[in-house]
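The structure appears right after this line, and notes come after that.
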Amino acid sequence: MPDDLINLTIDGVPLSVPKGMLVIEAAKQAGVLVPHYCYHPGLPVAGVCRMCLVEIEKAPKLQIACATQVAEGMVVRTQSPQAKDARMGVLELLLINHPDVLYVPNRCILCTRCVRFMEDIAQEPVLNVSERGDRAYIGVHPEARLDHPWAGNVVDLCPVGSLLSKDFLHKARAWELDKTASVCTGCSQGCNVTLDEALERVAALLRGAGGGGGGGGTAVALVSPRASTEALFLARELFAGFDWTGAFQVVMGEEAPLAGVPNLALRAERAPNGAGAELLGYTRDYAAALRAAESAALLFVLDEPELSVRTAGALIYAGTVLPDGARDAHVVLPLANVAEEDGTYVNRDGRAQRYFQAKPAPGMARPAWWVLAELGAALGRSRPLGSAAEAFERLATTVEPFRGLSYAELALTGRRLSPGAAVPA
Ligand code: FES
């Protein structure tokens, strides 16, 4: 090995990297994205935000990965409890001193709606009219903070857009959003809310995790073997350019053959589309995918009800039900279930078979192929799709085992995939 290579371990992954490389850059080679704010690979190191703290064996205290060079035999842990606690503390400090509500004084007409809301409704009088005459502006009492649980309402109350939510800043106007009346599920109060903007939000998260669309980000897809072949295919398309891992888990039961009928049994694998998932590049190494998810920039979960996963990145959940493990997801997309959509499965013998919609999907739930195709379109990668048949046709022109099949020809009996296809036993 050349002298100018340094051997080290990051989160258990052994690496050889050039001498002088920063730990934060070496970590990328181990598939680990160390959280950071002030660091940028094209700028001189400042080391001021402390978001990149990591544990380095034998070092007396945590070190910032953006200003620490690799050393021979170094053992770095980015996910140790000490490192994570420290980064959480830094984040809390940054957020405490970071307004969520912005004030643009030159728009303000001093109607004092916000002041009166905080005084009379929230009963936490933290806002006031500071100064007088043409210098007057909406101020915050010196010892107070606008952090009441209802404080976000002042943004909606402001008639001139002087108080702004950071969620909207430079992104959208309220009137540009599709809205649907709904009820908040956060507690038993039953507050009326509106549902907006989720597909664009997912597209933005994908762009962010993938390096602004340039690719190269790490992503993990945990998918259900009950998802349609079309959904599994379109989910895979979303990760083009990512360093991605896709996996599924199968619930196992007892195999129960029907005596006297060859090749007919209640199969041990209680999953209708495990073969389809494997043909599309998803593996059964679910445990490895869970480990990869911990440090991935993006975790996408497709209808996995037994979800128990930790991730440092953005979690997007699309499913027919909302498991507890997905309640903190950045975005949740409701999906139609098997009775509410068209699609195909590939069985254990490699036969692609169609299933048909039996009833409409409730509420905002949509077929997974539709949701994923819309996401592809939002990313500018592909056109939207109008039916499961169109999704299957796209699959059949791109993925070898399906090549030449047509959705219409599958009819009710299905078709065996091409004999050369690597169909699992
Ligand atoms: S990224 Fe800011 S201190 Fe390292």
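If you go through the range 122-132 one residue at a time, do you hit one that is touching an Asp or Glu at 6+ places or on another chain (Cβ under 6 Å), modelled with pLDDT of 90 or more and surrounded by 13 or more Cβ atoms within 10 Å (Cβ to Cβ)? First the steps, then the outcome.
Of all residues in the range 122-132, those touching an Asp or Glu at 6+ places or on another chain (Cβ under 6 Å) come to 125.
Then drop every residue that is not modelled with pLDDT of 90 or more, which leaves 125.
Remaining after also requiring surrounded by 13 or more Cβ atoms within 10 Å (Cβ to Cβ): 125.
Yes.
Working only within the range 243-268, note down all residues that are polar (S, T, N, Q) and closer than 22 Å to Ala312 by Cβ.
Once the filter is applied, which keeps residues that are polar (S, T, N, Q) and closer than 22 Å to Ala312 by Cβ, the range 243-268 yields Thr245, Gln249.
Examine the range 280-287 for a residue that is under 23 Å from Glu237 (Cβ atoms) and either in a helix (DSSP H, G or I) or free of Cβ contacts under 8 Å to residues at least 24 places away in the same chain (or both), and state whether such a residue exists.
Let us first name the residues in the range 280-287 that are under 23 Å from Glu237 (Cβ atoms), namely 280-286.
Narrowing further to those that are either in a helix (DSSP H, G or I) or free of Cβ contacts under 8 Å to residues at least 24 places away in the same chain (or both): 286.
Yes; the residues of the range 280-287 include at least one that is under 23 Å from Glu237 (Cβ atoms) and either in a helix (DSSP H, G or I) or free of Cβ contacts under 8 Å to residues at least 24 places away in the same chain (or both).
State whether the residues of the range 2-23 include one that is of a type in the set (Gly, Ala, Ser), at pLDDT below 95 and within 19 Å of Thr218 (Cα to Cα).
So far as the range 2-23 goes, yes, one or more of its residues are of a type in the set (Gly, Ala, Ser), at pLDDT below 95 and within 19 Å of Thr218 (Cα to Cα).
Could you grab me the full set of residues in the range 238-283 that are surrounded by fewer than 18 Cβ atoms within 10 Å (Cβ to Cβ), closer than 26 Å to Ala203 by Cα and not small (Gly, Ala, Ser)?
Taking the range 238-283 and keeping what is surrounded by fewer than 18 Cβ atoms within 10 Å (Cβ to Cβ), we get 240-241, 243, 250-270, 281, 283.
So of that shortlist, the ones also closer than 26 Å to Ala203 by Cα come out as 240-241, 243, 281, 283.
Across the range 238-283, the qualifying residues are Asp243, Thr283.
Among the listed residues Gly363, Gly325, Gly376, which satisfies the condition of being surrounded by 15 or more Cβ atoms within 10 Å (Cβ to Cβ) and in contact with a strand residue (DSSP E or B) (Cβ under 9 Å, 6 or more places away or on another chain)? Let's see the steps before the verdict.
Working: Gly363 fails: surrounded by 15 or more Cβ atoms within 10 Å (Cβ to Cβ); Gly376 fails: in contact with a strand residue (DSSP E or B) (Cβ under 9 Å, 6 or more places away or on another chain).
Sole residue among the options that is surrounded by 15 or more Cβ atoms within 10 Å (Cβ to Cβ) and in contact with a strand residue (DSSP E or B) (Cβ under 9 Å, 6 or more places away or on another chain): Gly325.
Only one of Ala240, Ala271, Ala231, Ala235 is within 24 Å of Gly319 (Cβ to Cβ), touching a Phe, Trp or Tyr at 6+ places or on another chain (Cβ under 9 Å), outside any helix (DSSP H, G or I) and in the same structural domain as Arg284 (by TED's automatic domain parsing); which? Write out each step before concluding.
Details: Ala240 fails: touching a Phe, Trp or Tyr at 6+ places or on another chain (Cβ under 9 Å); Ala231 fails: outside any helix (DSSP H, G or I); Ala235 fails: outside any helix (DSSP H, G or I).
On inspection, the qualifying residue turns out to be Ala271.
Count, please, the residues in the range 25-45 that happen to be under 17 Å from Gly313 (Cα atoms) and within 9 Å of the ligand (Cβ to nearest atom).
4
Leu33 - would you say it is surrounded by 15 or more Cβ atoms within 10 Å (Cβ to Cβ), out of contact with any His (no Cβ under 7 Å at 6 or more places or on another chain) and outside any loop (DSSP other than H, G, I, E, B)? Before you say what the answer is, go through the steps one by one.
On the way: surrounded by 15 or more Cβ atoms within 10 Å (Cβ to Cβ): yes; out of contact with any His (no Cβ under 7 Å at 6 or more places or on another chain): yes; outside any loop (DSSP other than H, G, I, E, B): no.
No; evaluated as a whole, the condition is false for this residue.
Only one of these is within 14 Å of the ligand (Cβ to nearest atom) and either outside any loop (DSSP other than H, G, I, E, B) or over 24 Å from Ala209 (Cβ atoms) (or both): Ala71, Ala67. Name it.
Matching residue, one of Ala71, Ala67: Ala67.
Pro362 versus (1) in the same structural domain as Arg226 (by TED's automatic domain parsing); (2) over 30 Å from the mean Cα position of the chain (by Cα); (3) at pLDDT below 90: which is the lone unmet condition?
(2)
Considering only the range 314-349, state which residues are modelled with pLDDT under 90, in a helix (DSSP H, G or I) and either farther than 22 Å from Gly208 by Cβ or not assigned by TED's automatic domain parsing to the domain that holds Ala265 (or both).
The answer is Asp324, Gly325.
Can you name every residue in the range 362-390 that is farther than 15 Å from Asn337 by Cα and either of a type in the set (A, V, I, L, M, F, W, C) or in a helix (DSSP H, G or I) (or both)? Write out each step before concluding.
So the first thing to find is which residues in the range 362-390 are farther than 15 Å from Asn337 by Cα, and the list is 373-387, 389-390.
Of everything in the range 362-390, those that are farther than 15 Å from Asn337 by Cα and either of a type in the set (A, V, I, L, M, F, W, C) or in a helix (DSSP H, G or I) (or both) turn out to be Ala373, Glu374, Leu375, Gly376, Ala377, Ala378, Leu379, Leu385, Ala389, Glu390.
Taking only pairs six or more apart or across chains, which ones have beta-carbon atoms under 7 Å, a first residue in the range 391-406 that is in a loop (DSSP other than H, G, I, E, B), and a second residue that is surrounded by 13 or more Cβ atoms within 10 Å (Cβ to Cβ) and among the aliphatic types (A, V, I, L, M)?
That search, which allows pairs on different chains as well, returns Val399/Leu280; Arg403/Ala396; Gly404/Ala396; Leu405/Ala352; Leu405/Ala396; Ser406/Ala396.
Are there any pairs with C-beta distances below 8 angstrom linking a residue in the range 14-36 that is under 18 Å from Arg50 (Cβ atoms) to a residue that is of a type in the set (D, E, K, R) and within 16 Å of the ligand (Cβ to nearest atom), with the two at least 6 apart or on different chains, and if so which?
Pro35/Arg87
Only one residue in Leu22, Leu94 is within 16 Å of the ligand (Cβ to nearest atom) and buried (at least 18 other Cβ atoms within 10 Å of the Cβ). Which one?
Working: Leu94 fails: buried (at least 18 other Cβ atoms within 10 Å of the Cβ).
Sole residue among the options that is within 16 Å of the ligand (Cβ to nearest atom) and buried (at least 18 other Cβ atoms within 10 Å of the Cβ): Leu22.
The values are calculated or read from the model by the stated rules, or taken from the named source; none is laboratory data. It should be emphasised that the depicted structure is a prediction, and the values quoted were computed from it without experimental measurement. Don't worry about glycine lacking a Cβ; one is built from the backbone with ideal geometry, like all the others, and counts go over all protein chains shown.
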